[in-house]
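Student: Just dropping this structure here.
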Amino acid sequence: HKLEATAESVSLLERQLQAKQLEVEEKKAQCDALVPQMAEQKDLAAEESRAATGVANAAAEKEAAVAEMKARIDADLQAAQPALQAAAAALDSLNKKDLGELRTLGKPPAGIEDVTAAVLHLLSDGSAKRTDTSWKAATVMMKDLNQFMAELAAFKGKIDAGGVPKSNFRAIRPLLDKEWFVVETMRQKSTAAGGLCEWVLHITEYWDINENVEPMRAAAAQAEADLAAAIEAREAALAKAAEAEALVKGLTDAYEVALQDKDGVIAEGETTARKLALAHRLMASLGSEGDRWRKAIVDLHGQSAKEVGDVLLAAAFVSYAGCFSKKFRHSLVHDDLLPFLRNPKHELAMSAEGDPLHILASDADVVQWASDYLPSDRASVENGAIVT
């Protein structure tokens, strides 16, 4: 009866070995299926990365171009500062006394009317088809000297705000071309006229610079809008590349897990094969050993009942513990695996010591490893058992 039971155990081990061999083939097929997927996704990720690099480089070039354009605009605006300062100085040179004297002239000296005409053109709001530039209109303009000087002082801000019609400056060009429209010439005739002449000349110079800069400002605004679009495109391309890289990583991780599973099943199969070989040897010995071996059969039967739990423990140990430290391995076995396997609801028998090394390696193996210069500490022996 014992011999028959042992034979049945051997048959069970053979079936288990066959099942492990089928499982190995299945795991191998899973690994092989992941390889072409990984290659395809790596190519896609490389393509997305190249595209993202191109978009990022284009955005960087556009950013540099915008910065250069802004620098040119700032330089041009800076060049307008002397004209502004000169116009401000001209205003500072004006005073109510001089302007009052100018305003009271019945018939001003030649050329002064051209200066006041230029001021009338500049201060015009553009609503009239034709600006009255007569001396009478000039005296009305200067009637309230406080208001008149305030208008002159605020004129630069009006230009910056776009509140001065372009036609105002076009209208004064013929006046500026006259040979007597010169500051010193006007100052000899009237201090106030000289100050107004100087203000007109310098505020016109500021206008001209500002007009030249305005198209550049528009171009810079468009360039900044293009840059924002390029940056958005860059971020989208980088996100797409990151997504492809994440997919490759996911496939790589899945492949590593499948590979570990395959190696674990192979190790379990090898362990089962070793047990099967030992069982065959046992069967051969039992036929001639008589009573002594009948007792051994009883012991072996008891041990076989616990082999499943021990093999599960060893398989779990081989599958998951290899990459961890000695301390973590001990915690994994004694705090997680053994309590789980010994849970009564699993109805799983196993040896009392619960040591995976009893399944994975024999004393002879340990001695052989020591002779091959493997250290004899627990962690090293476990490593030897895992890789053999």
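Student: Using a 1.4 Å probe on the protein heavy atoms only, what accessible surface does residue 92 show? Give it in Å² to the nearest 10.
Tutor: Taking all protein chains as shown, residue 92 has close to 130 Å².
Student: Which percent of the accessible area of the chain is formed by carbon and sulfur heavy atoms (probe 1.4 angstrom)?
Tutor: 56
Student: Please give me, ordered by residue number, the chymotrypsin sites (Phe, Trp or Tyr not before Pro) of the range 334-388 that lie in loop per DSSP and have at most 10 other Cβ atoms within 10 Å.
Tutor: For chymotrypsin sites (Phe, Trp or Tyr not before Pro) across the range 334-388 that sit outside H, G, I, E and B with at most 10 neighbouring Cβ atoms in 10 Å, the list reads 373.
Student: List the equivalent ellipsoid semi-axes of the chain in whole Å, largest first, each obtained as the square root of 5λ for an eigenvalue λ of the Cα gyration tensor.
Tutor: Sorted largest first and rounded, they come to 107, 19, 16 Å.
Student: Can you tell me which of 168-175, 261-268 comes out highest on packing, and rank the rest after it, using the mean Cβ neighbours within 10 Å?
Tutor: Packing proxy ranking, top to bottom: 261-268, 168-175.
Student: A further question follows. So if R0 is 56 Å, what FRET efficiency would residue 26 and residue 228 give, r being the distance between their Cβ atoms, rounded to the nearest 0.05?
Tutor: Computed FRET efficiency for residue 26 and residue 228: 0.55.
Student: Taking 28 Å as the cut-off for C-alpha to C-alpha distance, list the pairs among 262/327; 28/306; 306/327; 28/327 that go past it.
Tutor: 28/306; 28/327
Student: Within the range 297-388, which trypsin sites (Lys or Arg not before Pro) sit in a loop by DSSP and count at most 15 neighbouring Cβ atoms inside 10 Å?
Tutor: 342
Student: Spin-label point model (7 Å from Cα, Cβ direction): what's the residue 273 to residue 387 distance in nm?
Tutor: About 2.0 nm, to one decimal.
Student: Sequence-distant or interchain residues sharing an amide H contact under 5 Å with residue 351, placed H: which?
Tutor: Amide H neighbours of residue 351: 310.
Student: If DNA, RNA and ligands are ignored and the probe is 1.4 Å, what is the ranking of 211, 353, 232 by accessible area, most exposed first?
Tutor: 232, 353, 211
Student: Straight-line reach from residue 143: which lysines have Cα under 24 Å away, leaving out those fewer than 8 places along the same chain?
Tutor: Here the lysines satisfying the reach criterion relative to residue 143 are 96, 97, 107, 129, 156, 158, 189.
Student: What shape does the range 146-191 take by its C-alpha gyration tensor, where a ≥ b ≥ c are the square roots of the eigenvalues and a/c under 1.5 counts as rounded, a/b above b/c as prolate, and the rest as oblate?
Tutor: Cα axes put the range 146-191 in the oblate bin.
Student: Then there is this: Ranked highest first by the average count of other Cβ atoms within 10 Å around their residues, in what order do 112-119, 248-255 fall?
Tutor: Peptide ranking by packing, descending: 112-119, 248-255.
Student: Here's a follow-up. Counting heavy atoms of the protein chains only and a 1.4 Å probe, report the per residue accessible area for the range 89-138 as a whole number of Å².
Tutor: Ligands and nucleic acids excluded, the result is 54 Å² per residue.
Student: May I pose another question? So what's the back-of-envelope 222 nm ellipticity for the chain, counting only DSSP H runs of four-plus at -39500 (n - 2.57) apiece and dividing by all residues, rounded to 500?
Tutor: Value at 222 nm, helices only, nearest 500: -28000 deg cm²/dmol.
Student: Heavy-atom accessible area of residue 388 with all protein chains present, probe 1.4 Å, nearest 10 Å²?
Tutor: About 80 Å², ignoring ligands and nucleic acids.
The values are calculated or read from the model by the stated rules, or taken from the named source; none is laboratory data. Everything numeric in this text was worked out from a predicted model, so none of it was measured. Using ideal geometry, Cβ is built from the backbone for each residue, glycine included, and neighbour counts are taken over all protein chains shown. Please note that ligands, DNA and RNA were not included when accessible areas were found on the heavy atoms of the full protein model with its side chains. Shrake-Rupley method; radii C 1.70, N 1.55, O 1.52, S 1.80 Å.
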